[in-house]
Amino acid sequence: LSAAGYSLEFAGYLRAYVEGSDDPDVELEGRERHLPPLKEGQVLRGDRFVAEGHETQPPARYTEASLVRRLEELGVGRPSTYASTIGTIQDRGYVWRKGTALVPSFTAFAVVSLLEKHFPALVDYAFTAKMEDDLDLIASGEESSVPYLRRFYFGDAANAPALRRGLKALVSEHLGEIDARAVNSIPLGLDTQGRAVVARVGRYGPYVQRGEDTVSIPEDLPPDELTVERATVLLDAPSGDRVLGEHPETKLPVMLRSGRFGVYVQLGEAAAGGDKPKTASLFKSMTAESLTLEEALRLLSLPRVLGAHPTTGEDVKAQN
């Protein structure tokens, strides 16, 4: 709760606005809002309270232009490297575009979590900016690249404190400490029944887990919009997954499943540490509701070798 007041110590230009008034001083005093005499520690009684709403806006997402400006402010990168930097974070799936905005992915959160927890010095802005200066010296011929890389990798007393032992020692010391499952986990909270809901980054993309239940996270869902409530809706939604039948040769189940890229068929279950099961997307003319085992087997038979090219001898394949 707060109250504010103000008084005019010197009217200045405001007096020009009351010229012609019968009593300028009275009119100027009317613009003031006095508080009663107060002293520190005094207990006050409120006669009237007015609720005032105040809404804030979250920071805008980075665009390519605003990200470059931020890199310039931090002294990270150079004009010649900005394009390749932005290209790299997109190619590696760390960000994806939503209009002009660059939206960070769940993979980016996992990578940042790993680096900040186990290699904080390597992602320190000051360390990176200093490295840029060192690279400038190499580019200008004042420093040699091979000795610099040797010091960086194997360590040297002249290095920054974080890398005096070198990158090799730094990685080997921390490698055993890294819990891959913990690094790839982003706790979202508890559902209405007190069960933990966690977002994870797996081999085949991000997913939500609650106990033994898992579901893929839609690829167009920004991480900051994935709440416990939204995750619960995804987990409780009927998946439409079903077994279509058995493969006549392998005797493995042929299943219809929904994934982040749409409906697909899968041959057998995924085993921990085993090979990825064979999958195939449906043709645009097919629907999940009417798909038969025979159609699924035809999809799984692709790519199929039709024969050898008569001139080159290379295999000619039919594929989706």
Positive minus negative residues near residue 192 (Lys, Arg vs Asp, Glu; Cβ under 12 Å): -1
- line: Karplus-derived 3J(HN,Hα) from phi for the range 179-195 (6.51 cos²θ - 1.76 cosθ + 1.60, θ = phi - 60°), whole Hz, x at Gly and Pro, runs 9, 4, 5, 5, 4, 8, 10, 10, x, 9, x, 10, 7, 5, 9, x, 8
query: By how many nm would the segment from residue 133 to residue 121 lengthen if fully extended, with 0.36 nm per residue of separation less the alpha-carbon distance?
result: 2.7 nm
task: Using a 1.4 Å probe over the heavy atoms of the protein chains, calculate the carbon and sulfur portion of the accessible area of the range 146-238 as a whole percent.
output: 56
- prompt: For the range 105-177, with every protein chain kept in place, what is the accessible area per residue (1.4 Å probe, Å²)?
  reply: 63
task: Provide the FRET efficiency to the nearest 0.05 for the residue 221-residue 10 pair, computing r from the beta carbons and using R0 = 51 Å.
output: 0.35
- prompt: Distance from the Cα centre of the range 1-76 to that of the range 100-134, in angstrom?
  reply: 39
Spacing of the two label points (7 Å from each Cα toward its C-beta) at residue 113 and residue 279, in nm: 2.2
task: Can you pull the one-decimal nm distance between simple spin-label points at residue 302 and residue 23, each 7 Å off the Cα toward Cβ?
output: 9.2
message: Here are labelled values, (1) 1.00; (2) 1.62; (3) 0.94, and one is the computed Cα Rg over 2.2 N^0.38 Å for what I pasted. Which one?
response: (2)
- request: Extending each Cα 7 Å along its Cβ direction at residue 70 and residue 143, get the distance between those two points in nm, one decimal.
  value: 2.6
- request: Leaving out ligands and nucleic acids, note down the accessible area per residue over the range 1-84 with a 1.4 angstrom probe, in whole Å².
  value: 92
- prompt: Across all directions of projection, what mean area in square nanometres is found for the Cα convex hull of the range 156-315?
  reply: 17.3
query: Ranked highest first by average number of other Cβ atoms within 10 Å, how do 287-295, 148-156 line up?
result: 148-156, 287-295
- request: State the percentage of accessible surface on the range 273-312 attributable to carbon and sulfur atoms; use a 1.4 Å probe and exclude ligands, DNA and RNA.
  value: 53
query: Hey, which lysines would be in cross-link range of residue 276, C-alpha to C-alpha under 20 Å, not counting anything within fewer than 8 residues on its own chain?
result: 251
- line: The answer for residue 245, listing residues at least 5 apart or on another chain whose modeled amide H is closer than 5 Å to its amide H, is 254
message: I'd like the FRET efficiency for residue 287 and residue 319, computed as 1/(1 + (r/R0)^6) with the beta carbon distance as r and R0 of 30 Å, rounded to 0.05.
response: 0.90
statement: Probe 1.4 Å, heavy atoms of protein chains only: per residue, the accessible area of the range 204-315 in Å² is 64
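The values are calculated or read from the model by the stated rules, or taken from the named source; none is laboratory data. A quick note: this is a predicted structure, and the numbers were derived from the prediction, not measured. In this analysis, Cβ positions are derived from the backbone assuming ideal geometry, glycine residues included, and neighbour counts consider all displayed protein chains. Just the protein is used for accessible areas: all its heavy atoms, side chains included, with ligands, DNA and RNA removed. Shrake-Rupley method; radii C 1.70, N 1.55, O 1.52, S 1.80 Å.
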